[in-house]
Every structure is written in C-alpha cells, then in structure tokens.
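The structure under discussion appears below in the form of structure tokens.
The values are calculated or read from the model by the stated rules, or taken from the named source; none is laboratory data. As the structure is a computational prediction, the values presented were derived from the model and not from experiment. Backbone-built Cβ (ideal geometry, glycine too); neighbour counts: all protein chains shown.
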Amino acid sequence: MAEASGVTEASLKAKIIEQLHATYVEIEDMSGGCGQAFSAVIVSPQFEKKTSLARHRLVNNALKTEVAAIHAWTPKCYTPEQWEKLRQEGNQAVAPGKDTTGEVVNGTTA
C-alpha cells in the first residue's frame with residue numbers, strides 16, 4: 001500500500017539508526033497503513049544522562065521532516081542499560097499500540 005505521507009516504517013527506522021546510532025528500533029504504523037501515525041521503541045546510547053524530554057527532542061530533531069509530514073508520532077526512548085534491564089525482567093517494552101486490540105488509532109482511517 002502506498003504511504004499517503006511518504007513516510008514508512010522502514011524509512012523511519014533507517015533514519016533513526018543512522019542519526020541516533022540506535023542499537024534497537026521497533027516502529028509500528030498505527031494508522032492502518034496510510035502512514036499518518038507511528039509509534040516506536042528506540043534504544044540508543046545517545047540517550048545516556050538525558051531526561052525523557054531531552055530524548056524526545058533528540059529524536060524529533062533527527063526526524064524533523066518526517067514528523068512534520070505525519071499526524072502522530074509516539075516514541076519510547078531507552079538507553080541500552082535500561083533496555084537490557086527491561087529484557088532481563090521480562091518487561092520488554094513494545095511500541096505504543098501493540099498492547100491494543102489491533103484497532104486503528106482514533107482519528108485515522110484505514
């Protein structure tokens with residue numbers, strides 16, 4: 001299916017890995033395939049010693065063009081140490097929306 005915004009899960013993932021040197025990236029299109037709402041889990045050493053707000057700003061600056069082209073963007077940002085701890089505890093985070101019943105995000109069409 002063609003992406004209405006021109007933004008895809010693959011393009012977001014590639015740019016995040018390139019710009020943020022991410023060690024793990026999970027992207028989910030929450031818009032039912034039209035490319036207007038994405039959620040993400042991002043693990044990067046660049047998040048070390050940064051607040052949650054600073055991490056989100058770092059991601060949003062790296063994806064400035066892409067974020068401007070879509071309706072909704074919801075990242076979860078972890079340091080490699082935080083990510084490893086979550087994995088060891090069996091609490092591995094998933095992209096926001098993967099915990100849902102699979103319904104499309106409100107306000108979007110599929």
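Hey, does the range 25-33 have a residue that's among the acidic types (D, E), within 11 Å of the chain's Cα centre (by Cα) and crowded, with 20+ Cβ neighbours inside 10 Å? Yes, because at least one residue in the range 25-33 is among the acidic types (D, E), within 11 Å of the chain's Cα centre (by Cα) and crowded, with 20+ Cβ neighbours inside 10 Å. Just name the residue that is farthest from A10 (Cα to Cα) out of those in the range 43-55 that are assigned to a loop (DSSP other than H, G, I, E, B) and charged (D, E, K, R). Taking the candidates together, the pick is K49.
Residues are listed down the side, and each one gets a yes or a no for (1) surrounded by 19 or more Cβ atoms within 10 Å (Cβ to Cβ); (2) modelled with pLDDT of 90 or more:
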| residue | (1), (2) |
| --- | --- |
| K64 | no, yes |
| W73 | yes, yes |
| G90 | no, no |
| A95 | yes, no |
| T100 | no, no |
| V104 | no, no |
| G107 | no, no |
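Name the one entry in E48, E81 that is in contact with a Ser or Thr (Cβ under 6 Å, 6 or more places away or on another chain) and farther than 18 Å from I27 by Cβ. Among E48, E81, only E48 is in contact with a Ser or Thr (Cβ under 6 Å, 6 or more places away or on another chain) and farther than 18 Å from I27 by Cβ. Considered as a group, the residues in the range 59-80 that are touching a residue at least 12 places away in the same chain (Cβ under 8 Å) and in a helix (DSSP H, G or I) include one that is farthest from Q19 (Cα to Cα), and that residue is A69. The residues on offer are E48, E9, E26, E18, and the sole one that is of a type in the set (D, E), in contact with a strand residue (DSSP E or B) (Cβ under 7 Å, 6 or more places away or on another chain) and without any contact (Cβ under 8 Å) to a residue 40 or more places away in the chain is E9.
A quick yes/no check of all residues on (1) farther than 11 Å from P75 by Cβ; (2) not in a helix (DSSP H, G or I):
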| position | (1), (2) |
| --- | --- |
| G6 | yes, yes |
| I16 | no, no |
| Q19 | yes, no |
| E26 | no, yes |
| G33 | yes, yes |
| V41 | no, yes |
| R57 | no, no |
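Is it true that some residue in the range 49-56 is surrounded by 22 or more Cβ atoms within 10 Å (Cβ to Cβ) and polar (S, T, N, Q)? Checking the range 49-56: not a single residue is surrounded by 22 or more Cβ atoms within 10 Å (Cβ to Cβ) and polar (S, T, N, Q).
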